[in-house]
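Read the structure below first, then the notes.
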Amino acid sequence: MTTVIIVLMQKTNPSSLRNINCMIVPTGIGASIGGYAGDANPACRLLAKASDLLITHPNVVNAALLTDIPDNVVVIDGWLLDRFFARQIALRLNTKHKIGVVVDASADDYERALTETCLKAVRTVYGVDIIEEIFYTAKPVGANNLVSISEPDALLEACHRARLAGATALAILCVLDEDPQSKSAQAYKSGQGHDPIGKIEAKIAHLVSSIFVIPTAHAPILRSSGPKPSARELLDVSSKSSAEYLSDCFLASVIKSLQNSAQIIPLPDSYKLFTNAYNQPGELGLKQKPDDIVVHDLSNLVVPYDSCNSVPMIEAWKHDVDLICVRNNTTDLDDTADIFNIPHKLVSNYLEAAGYLLANTNDKYYINPDLLA
């Protein structure tokens, strides 16, 4: 007689068995790696090779018209990353997005034509699903002083129209006036200082994502008041910021990063936080699934050495996510993990960080990193 033994096993959440990590380089703080035009992308690709899944944000991978995002990298904007680490949202992978494009009403005829031409190219080359209509704001957004947004309601209303048309991710284009002769612009051009438009770009993206809770990224329409750089000046541009000088349109890389973004699933305990005139998360019918990624699925968070004052760094230890601080990536800040008494691992560079990711996993392949130090 043959005896057949049937073993009933509880279904395991596959995401809890994967080597999932996160890489953050905060925007607009002069990071020596990642503070320029996609110069953190090689480090991102390295950490992705040491991960099953790597979560990051647009300014790590976007480089003006260039982008190179590995298949296992998921991109979400900084405000949503904060909500992810606060365990207020989950991330749903392998999502097909319909992208809506919202453009500042102050864009002139040439800038509008350039945007439309770029979208034609992106549809043809990437095959991305982009809503045919471009959603222009009813009045200028007023972000061109690079400090504040004077007409946020105009921006939100246009985004709302895109959302009603079926957009699940938003590409925002606002006109920004940049003085190429300013001290900050000259320093950035030579590979020093910080991106003059980085902070206002972050404000625009964070405003929209905080209201609509969907993937959002900003592509500037740069309107320079000065003359075009000469051939000699172009040759003198630092390699770190050189991608900024290749084109007048930065939309293509933003579209590509949105294509690699996750669907955002608000968790029920946070519905009140996300409820506003434009968004009623409880009515969207989005329910968390077993494969959705939440913060405690992460193994490691990799950040610059001295910028540990943000929500992800402070929240990581609460969810058993190891914080890895990269010593050779310095910023204008002096907010180390030691100041906040956050447990962390200090590594010399991203190459060493990649080794840590390979060892410190949440599965049977875990190897105690301390034995290898």
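Counting only Cβ charges, +1 for Lys and Arg and -1 for Asp and Glu, the dipole size of the chain around its Cα centre is about 820 debye. With θ taken as phi - 60° and the Karplus curve 6.51 cos²θ - 1.76 cosθ + 1.60 applied, the whole-hertz 3J(HN,Hα) list for region 312-324 is x, 5, 6, 7, 3, 5, 5, 10, 6, 9, 6, 8, 10 Hz, x standing for glycine and proline. Backbone amide hydrogens, once placed in the peptide plane, bring Ile55 within less than 5 Å of Asn21, Cys22, Met23, Val74, excluding anything fewer than 5 places away on its chain. Classify region 278-373 as rounded, prolate or oblate, taking a ≥ b ≥ c as the square roots of the eigenvalues of its Cα gyration tensor: rounded when a/c is under 1.5, otherwise prolate if a/b is larger than b/c and oblate if not. Because a/c hits 1.5 or more and a/b fails to exceed b/c, region 278-373 counts as oblate. Longer than 21 Å from Cα to Cα, which of Lys96/Lys289; Lys120/Lys256; Lys49/Lys120; Lys49/Lys364; Lys49/Lys98 are they? Say none if no pair is. Pairs exceeding 21 Å: Lys49/Lys120; Lys49/Lys98. For region 230-298, a Kirkwood radius taken over Cα pairs fed into Stokes-Einstein (25 °C, viscosity 0.890 mPa s) yields D = 149 µm²/s. When a 1.4 Å probe is rolled over the protein heavy atoms, the share of accessible surface on region 240-373 that falls to carbon and sulfur comes to 51 percent. The Cα center of region 280-317 and the Cα center of region 183-243 differ in position by 27 Å. Kirkwood analysis of the Cα pair distances in region 261-334 returns a hydrodynamic radius of 14.8 Å. Computing FRET efficiency as 1/(1 + (r/R0)^6) for Asp370 and Leu93, where r is the C-beta to C-beta distance and R0 is 45 Å, gives about 0.90. Within the chain, DSSP assigns beta bridges of which about 15% are antiparallel (rounded to the nearest 5). Phi angles across region 360-365 convert, under the Karplus curve 6.51 cos²θ - 1.76 cosθ + 1.60 with θ = phi - 60°, into 3J(HN,Hα) values of 8, 10, 9, 9, 5, 8 Hz, Gly and Pro given as x.
Over all pairs of different C-alpha atoms in the chain, the reciprocal of the mean inverse distance, the Kirkwood hydrodynamic radius, equals 21.5 Å. Sorted from greatest to least, the principal axis extents spanned by the alpha carbons of region 30-101 come out as 31, 28, 25 Å.
Protein heavy-atom accessible surface, 1.4 Å probe, per residue over the chain: 46 Å². Spacing of the modelled spin labels on Val125 and Leu235, each 7 Å from Cα toward Cβ, amounts to 2.7 nm.
Each of Thr336, Asn279, Ile33 was placed along the dipole of the chain (beta-carbon charges, centred on the mean Cα), and the one lying farthest toward the positive end is Asn279.
In the chain, excluding the sites themselves, the longest stretch lacking any of the trypsin sites (Lys or Arg not before Pro) that are in a DSSP loop with at most 11 other Cβ atoms within 10 Å is 97-286.
Helical content of the chain, expressed as a calculated mean residue ellipticity at 222 nm, amounts to -8000 deg cm²/dmol (DSSP H runs of 4 or more residues, -39,500 (n - 2.57) each, divided by residue number, nearest 500). Calculate, in nm to one decimal, what Arg327 and Lys139 gain on full extension: separation in residues at 0.36 nm each, minus their alpha carbon distance. So the chain would gain 63.2 nm between Arg327 and Lys139.
Each residue of region 278-292 was assigned a 3J(HN,Hα) from its phi angle through the Karplus expression (A = 6.51, B = -1.76, C = 1.60, θ = phi - 60°), giving 9, 9, 10, x, x, 9, 7, x, 8, 10, 5, 10, x, 8, 5 Hz with x at Gly and Pro. Remark on Ala169: its backbone amide H falls under 5 Å from those of Lys98, Gly100, a criterion applied only to residues 5 or more positions apart or on other chains, H modelled at 1.01 Å from N.
The values are calculated or read from the model by the stated rules, or taken from the named source; none is laboratory data. Just so we're clear, the structure is a prediction, and the values are computed from it rather than from any experiment. As a convention, Cβ positions derive from the backbone with ideal geometry for all residues, glycine included, and neighbour counts pool all protein chains shown. What goes into the accessible areas is simple: the full protein's heavy atoms, side chains included, and nothing from ligands, DNA or RNA. Shrake-Rupley method; radii C 1.70, N 1.55, O 1.52, S 1.80 Å.
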